[in-house]
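Undergrad: Take this structure, written in C-alpha cells, and hold onto it; I'll ask about it next.
The values are calculated or read from the model by the stated rules, or taken from the named source; none is laboratory data. Given the structure is predicted, the values throughout are model-derived calculations rather than measurements. Virtual Cβ from ideal backbone geometry, glycine too; neighbours counted across all protein chains shown. Each accessible area value is taken on the protein alone, full model and side chains, heavy atoms only, with ligands, DNA and RNA left out. Shrake-Rupley method; radii C 1.70, N 1.55, O 1.52, S 1.80 Å.
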Amino acid sequence: PLGPQLGERQIQIGAFCKEFNEKTSTIRPGIPLPTNIKVNPDKSFEMHINNPPVTYFLKQAAGIKKGAMKPGKEVAGKVSLKHVYEIAQIKSQDPAFENVSLQEVCKRVIGISHSVGIEVVPHLEEE
C-alpha cells in the first residue's frame, strides 16, 4: 500500500493523489504505470510516470490476458515484428532506455516476449 509509505516519509497523501490523478487523467484506468517518486529533504516530491511495462504491450498486441506458464515449451500468443517495433518506439521514451538505440530496444522487447511465451513472427496471418 502506498499510503503508509508516503506517510512514513511525511508526504501529504492528498497532494500526492491530486498530482498523480492530474498526470494520469488521460490514461485509461487499469493500465499499469511504473512510477518513481523522489522525496526531497523539504518533504516535497518529484514524480516520474513511465510508460506501461513491455509485457503489458506484448500481451495487448498478442490479445492474451497472461503469458505462458512454461515459456519455451508453450506459446501463449504471437506478435509481429511491426508490433515489436511499435512497442520499442514507445519504450525508448522511458528514462531506462534514454541512451539505448532503437535496435537494442527491439532486441530487448523480443527477449521479453520469449520470456513470457509470446512468439515473434515476421507477419501475423489473417484468419
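Undergrad: Based on the Kirkwood radius over alpha-carbon pairs, what is the Stokes-Einstein translational diffusion coefficient of the chain at 4 °C with 1.567 mPa s viscosity, in µm²/s?
TA: This corresponds to a translational diffusion coefficient of 78 µm²/s.
Undergrad: Between Asn21 and Glu104, 0.36 nm times their residue separation minus their Cα-Cα distance comes to what?
TA: Fully extending the segment from Asn21 to Glu104 adds 26.6 nm.
Undergrad: Working from Cα positions, state the angle (0 to 90°, nearest 10) between the long axis of helix 13-23 and the longest principal axis of the chain.
TA: 40 degrees
Undergrad: Shifting gears a bit: Treating the angle as unsigned and between 0 and 90°, give the value, to the nearest 10°, between the Cα long axis of helix 102-115 and the longest Cα principal axis of the chain.
TA: Value to nearest ten degrees: 80.
Undergrad: Under the definition of Cα pairs under 8 Å and six or more residues apart, what whole-number percent is the relative contact order of the chain?
TA: Computed value for the chain: 22 percent relative contact order.
Undergrad: Please compute P(r) over all alpha-carbon pairs of the stretch 1-57, binned at 10 Å starting from zero, and give each bin as a whole-number percent.
TA: 20, 52, 24, 4
Undergrad: Of Lys78/Lys107; Lys73/Lys107; Lys59/Lys82; Lys70/Lys107, which sit over 18 Å apart, Cα to Cα?
TA: Lys73/Lys107; Lys70/Lys107
Undergrad: Then there's this: Counting other C-beta atoms within 10 Å, and keeping those with at most 14, which DSSP coil trypsin sites (Lys or Arg not before Pro) do you find in the stretch 24-101?
TA: Listed in order of number, the matching sites are Lys43, Lys65, Lys66, Lys73.
Undergrad: What part of the accessible area of the chain, given as a whole %, is carbon or sulfur when the probe is 1.4 angstrom?
TA: For the chain, the apolar C and S fraction of the accessible surface comes to 52 percent.
Undergrad: If you restrict to DSSP beta bridges whose two residues both lie in the chain, what percentage is antiparallel, to the nearest 5?
TA: The antiparallel proportion sits near 50 percent.
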